[in-house]
Amino acid sequence: MLDLNTSLAIRLNDLVVGFGDKIVIDHLALDVVAGEIFGLVGASGGGKSVLLRAILGLVPKRQGRIEIFGVDRDSANPHDLQELERRWGVLYQQGALFSSLSVFQNIEFPMREYLDLSPRTMREVATAKLEMVGLAPEDGDKLPATLSGGMTKRVALARALALDPQIVFLDEPTSGLDPIAAGEFDALIRTLHQTLKITVFMITHDLESLRTVCDRIAALADGKIAAIGSMGAMFESEHPWVRSYFRGDRGRSLLRRAAS
Amino acid sequence: MKPEALIEFKQGADGLEIVGSGAWTAANAGRLDALVEAAPRREERHVKFDMARVREFDTYGAWLLERLLRSCGKDLVSPQGLPDRFRALFDKVHETNRRGVSPGIRRNWLLGGVEKIGRSTEGAAEDAVRYVAAIGAFATALGEILLNPRRLRFTSLVYQLDRVGLRSVPIIVLITLLIGAIIAQQGIFHFRRFGAGDYVVDLIGILVLREIGVLIVSIMVAGRSGSSYTAELGSMKMREEIDALRTMGRNPIEVLVLPRVAALVLALPLLTFIGSMAALYGGALVAWFYGGMDPGIFASRLSEAVSISDFEVGMIKSPFMALVIGIVACVEGLKVKGSAESLGAQTTTSVVKSIFSVIVMDGLFAMFFSAIGM
Ligand SMILES: Nc1ncnc2c1ncn2[C@@H]1O[C@H](COP(=O)(O)OP(=O)(O)OP(=O)(O)O)[C@@H](O)[C@H]1O
Ligand SMILES: [Mg+2]
């Protein structure tokens, strides 16, 4: 049963995902608390996107249990699954906007599918979403191929937020943005998180956004959660990969800046 | 279960009171939308809001509330009683949609039609230029390869030959065999009434070698290989792979187009030959089983009925057909823009255009060959 008042948004237990004879996610357990901004870090190719796709049900798992707001895909009835899919929004690493639809049509697509609204209301809410992610209404009539990388990310975020989801999954939302735009994007996620009271599950490589927006961070290494907790916990972890990630040159300079 | 009331309009002595309650969320947005639309449309000086009993609130609720406020001309007044936890969201939405919804441009259908004609004329002119440019670029690339044969992408050529040549043999043999058989059956059936059943060999021989063989094979290759060329190049264009190639200092025409077109030019004559033979074989089978003509007699009549020039006519045409199919397929592929829809549209255009060009070319060749007496 879909339970939106539960304290755990995501609950993973003993999760195993692999391709062929390669195990990418290896007996992983993880809880994401409802209402928090959760950051996931890990080496490139370490399986973050695969973990996300497994949570979303896009790649099959070999073993384990995935619960989102108390709904387990394996045992859920179709109605609960539909409800669940309405309650989440996903920003894919590559944006994944529908290339033959305009920006407005992209944002209105989920509304059209799930809600029974007049075209005028849809357009107005889409405009509101577009402005909330920092774009101008004039951008709404553009086609995805004509957008810049940063604009694509923003539109993808607006589409992910189209149905006012309870949880959004962001796969590297700030990668490929300049530091100023990335900072704005971080602030945007924070504001939206505060105004819309959503749970955010965010994959990122950006130490700055980990520091500024995430409530809790988990490091994925060798298919398992190597460390989990606040930024401070990351700096204290003794796991070799986590150490070199957070206490390498970039991590240290960040720490200095954070301290000063 | 009766749906909960979301909004009530109470006409009191000192003005209108608007009372909101329940879940102002996406799930109820459709109903709320209708209710807000049905709101009394008077410029009320004394409109009071009471939003204290709203239980849930999201962007949809916030926007519909904002719209209600604006329609009351109370743009600067805040909705009284809105619980504090919804304030931040409402303030955010309050700032949006300030510049009005961009109205979709409505066109006169007559003017629209005229505009369409104009645009397609312009498109045709652009297309002509594009094709001339593509042929030029192709010829340049070909010239460079001929001067410096080591730049030929041999691996790619062999791979394409395998794809468009070898792998299409089974389907081409099957189809041409059937077509040869059908022509033979029809020929025998109708010629018999004049007691001229034997002339079916002439019919099949000349028709297949001169026209049907090369036409059927070209049309099949346009549908089978031309479309895949367009789709491949189009999706490479979409994902900026062509630009990547260009910035690496490689000419996409030389790297991508040339091996593909060359493979077609080499493969099509062979396929035409195979197809023609299969059609003759199909005809011979039908003549044997349906017309009772011994295969030996069929063969000897065939060698009397057709001359080597009939065979040549068919074979000479085939590389030109291949060139047209290849160039049309590649040019259409490179015309793809960013969207998946344009990829589909361009693939359709490619097949339609190449089949049309193949048939027109065949007509031109027929005129040419009869003029030179072949
Ligand atoms: N469909 C697939 N088939 C086979 N292997 C795959 C597939 N998808 C991912 N992999 C492999 O799984 C591993 C993890 O990939 P994943 O995309 O999750 O990396 P990532 O952590 O998201 O990296 P990045 O930070 O670069 O995005 C990689 O080795 C990848 O090659
Ligand atoms: Mg990834």
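The values are calculated or read from the model by the stated rules, or taken from the named source; none is laboratory data. Since the model is a prediction, treat every value here as computed from it, not as a measurement. Positions of Cβ are generated from backbone atoms using ideal geometry, with glycine treated the same way; all protein chains shown enter the neighbour counts. Calculation scope for accessible area: heavy atoms of the full protein, side chains included, ligands and nucleic acids excluded. Shrake-Rupley method; radii C 1.70, N 1.55, O 1.52, S 1.80 Å.
Just a few scattered comments:
- Equivalent ellipsoid of region A:95-164: semi-axes from √(5λ) of the C-alpha gyration tensor, largest first, are 18, 12, 11 Å.
- Calculated mean residue ellipticity, 222 nm, chain B: -21500 deg cm²/dmol, from DSSP H runs (n ≥ 4) at -39500 (n - 2.57) each, averaged per residue and rounded to 500.
- Over chain A, the Kirkwood radius and the radius of gyration, each from Cα atoms, give a ratio Rg/Rh of 0.97.
- Dimensions of region B:124-371 based on its C-alpha atoms, expressed as ranges along the principal axes with the largest first, amount to 69, 40, 35 Å.
- Helical content of chain A, expressed as a calculated mean residue ellipticity at 222 nm, amounts to -12000 deg cm²/dmol (DSSP H runs of 4 or more residues, -39,500 (n - 2.57) each, divided by residue number, nearest 500).
- Scaled against the 2.2 N^0.38 Å expected of a compact globular protein of N residues, the Cα radius of gyration of region A:66-220 reads 1.04.
- Reduced Cα scattering model of region B:214-301, Debye log10 I(q)/I(0), q = 0.10, 0.18, 0.26 Å⁻¹: -0.45, -0.85, -1.17
- Antiparallel DSSP beta bridges within chain A, as percent of all bridges there, nearest 5: 55 percent
- Rounded to the nearest angstrom and listed largest first, the equivalent-ellipsoid semi-axes of region A:52-152 from its Cα gyration tensor are 30, 18, 10.
- Note on B:Arg192 and B:Arg55: the extension gain reaches 40.4 nm, defined as 0.36 nm multiplied by sequence separation minus the Cα-Cα distance.
- Per residue Cα convex hull volume in Å³ - calculated over the protein assembly as shown: 270 Å³
- Percent of beta bridges antiparallel (DSSP, the protein assembly as shown, rounded to nearest 5): 50 percent
- Remark: accessible surface ordering of B:Ile183, A:Ile217, B:Ile316 (largest first) is B:Ile316, B:Ile183, A:Ile217, probe radius 1.4 Å.
- Karplus 3J(HN,Hα) series, Hz, for region A:223-229 with 6.51 cos²θ - 1.76 cosθ + 1.60 (x for Gly, Pro): x, 10, 7, 7, 7, 8, x
- Distant-in-sequence amide H partners of A:Ala227 (H built 1.01 Å from N, under 5 Å): A:Ala219
- Under a model in which nothing but the beta-carbon of Lys, Arg (+1) and Asp, Glu (-1) is charged, region A:142-228 shows a dipole of about 240 debye around its Cα centre.
- Proportion of all alpha-carbon pairs of region A:191-251 beyond 17 Å (%): 39 percent
- Relative to one another, the C-alpha centroids of region B:332-354 and region B:254-296 are positioned 29 Å apart.
- Most mobile of B:Ala263, B:Ala26, B:Ala329 in a GNM of chain B (Cα contacts under 10 Å): B:Ala26
- Using a cutoff of 8 angstrom between alpha carbon atoms and counting only pairs six or more residues apart, the relative contact order for region B:124-371 works out to 32 percent.
- Amide H contacts under 5 Å for A:Leu91, placed H, 5+ residues apart: A:Phe169, A:Leu170, A:Asp171
- Within-13-Å neighbourhood charge of A:Ser49 [Cβ basis; K, R +1; D, E -1]: 0
- Just so you know, the averaged projected area of the alpha carbon convex hull for region B:134-266 sits at 10.3 nm².
- For region B:245-374, the fraction of C-alpha pairs farther apart than 24 angstrom is 50 percent.
- Put simply, chains B and A cover up around 2300 Å² of each other's accessible surface, both sides summed, when a 1.4 Å probe is used.
- DSSP bridge orientation in region A:140-260 - percent antiparallel, rounded to nearest 5: 50 percent
- Database remark: amide H of B:Phe49 closer than 5 angstrom to the amide H of B:Ile18, B:Gln80 (H placed geometrically; neighbours at sequence offset of 5 or more, or on other chains; Pro and chain starts carry no H).
- Neighbours of A:Leu135, meaning other residues whose beta-carbon lies under 13 angstrom from its beta-carbon, give a summed charge of +1 when Lys and Arg score +1 and Asp and Glu score -1.
- Largest-first ordering by accessible area, 1.4 Å probe, given options B:Arg31, B:Arg167: B:Arg167, B:Arg31
- Based on protein heavy atoms only, chain A ends up with 43 Å² per residue of surface accessible to a 1.4 Å probe.
- Between A:His205 and A:Ser7, the C-beta separation translates, for a Förster distance of 35 Å, into a calculated FRET efficiency of about 0.75.
- Relative pair counts by distance (%), Cα atoms of region A:18-57, 10 Å bins: 22, 57, 18, 3
- For region B:124-371, the per residue solvent-accessible surface stands at 49 Å², with DNA, RNA and ligands left out and a 1.4 Å probe.
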